[in-house]
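This report refers to the structure that appears directly beneath it.
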Amino acid sequence: MPASRFLPAVATSRTLSLASRTLFPEFPNDMAKHVSIEVVTPAHQALVSITGQVRAALPGLGLGDGILSLFVQHTTCGLLINENADPDVARDLLRRLEKLVPWDDVDDRHAEGNTAAHLRGTLTGCSLLVPVAGGRLALGTWQGIYLAEFDGPRTRTLLATAIEAG
């Protein structure tokens, strides 16, 4: 594989579709709603800032105070919250993950050859819970929400589910 495939990328995603619907129609009063957010990743490995898309989804969810559950429906990417002020942090994280879980391992048996992407996705996790207060994400000053791509470029689907407080 060409070395350029492994260069880490830091990017900002665009929401391709935002379709809101009730997640559990059998429950009264729309106890839970969700929206789908599509993220196009730019490279084989990338940390894509999705904070803006997640913020944009909040009004459609009608979430004032509560928890926003984020879930990515794929096994070779993950979700994380980390520093959003210095892009070198994202590049360093991807570089360290490459050292921790190298792409090429002669002992891997998975026919697709992307076992490393599956392991990196497992390490970062497929879901996050983000507090929402007053209709706004309650993130820290330097925090951003990222989709971590480990086997791209691809289009990824993320589910954002509103869980209203009290």
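The values are calculated or read from the model by the stated rules, or taken from the named source; none is laboratory data. Quick caveat, the model's predicted, so the values are computed rather than measured. Methodologically, a virtual Cβ is constructed for each residue, glycine included, from the backbone with ideal geometry; neighbour enumeration extends over all protein chains shown.
Would you be able to say whether some residue in the stretch 78-98 is assigned to a loop (DSSP other than H, G, I, E, B), under 14 Å from Ala160 (Cα atoms), at pLDDT 95 or above and not small (Gly, Ala, Ser)?
So far as the stretch 78-98 goes, no, none of its residues is assigned to a loop (DSSP other than H, G, I, E, B), under 14 Å from Ala160 (Cα atoms), at pLDDT 95 or above and not small (Gly, Ala, Ser).
Would you please list the contacts, defined by Cβ atoms under 6 Å and residues six or more apart or on different chains, that run from a residue in the stretch 39-65 that is over 19 Å from Gly140 (Cβ atoms) to a residue that is of a type in the set (Asp, Glu) and crowded, with 21+ Cβ neighbours inside 10 Å?
Final answer for the pair search is Thr41/Glu149; Ala46/Glu149.
For Thr75, indicate whether it is in a strand (DSSP E or B), of a type in the set (S, T, N, Q) and in contact (Cβ under 8 Å) with a residue 12 or more places away in the chain.
no
Which number in (1) surrounded by fewer than 17 Cβ atoms within 10 Å (Cβ to Cβ); (2) over 24 Å from Val40 (Cα atoms) marks the one condition that Val132 misses?
(1)
Just for the stretch 72-101: of the residues that are closer than 24 Å to Gly134 by Cβ and either touching a Ser or Thr at 6+ places or on another chain (Cβ under 7 Å) or among the β-branched types (Val, Ile, Thr) (or both), which one is surrounded by the fewest Cβ atoms within 10 Å (Cβ to Cβ)?
Within the stretch 72-101, the match that is surrounded by the fewest Cβ atoms within 10 Å (Cβ to Cβ) is Ile81.
Out of all the residues in the stretch 105-116, which are outside any helix (DSSP H, G or I) and free of Cβ contacts under 8 Å to residues at least 24 places away in the same chain? Explain how you work it out, then say what you get.
Step one: list which residues in the stretch 105-116 are outside any helix (DSSP H, G or I), which gives 105-114.
Residues satisfying the conditions are Asp105, Val106, Asp107, Asp108, Arg109, His110, Ala111, Glu112, Gly113.
Any chance you could count how many residues in the stretch 127-165 are touching a residue at least 12 places away in the same chain (Cβ under 8 Å) and within 21 Å of Leu63 (Cβ to Cβ)?
Result for the stretch 127-165: 26.
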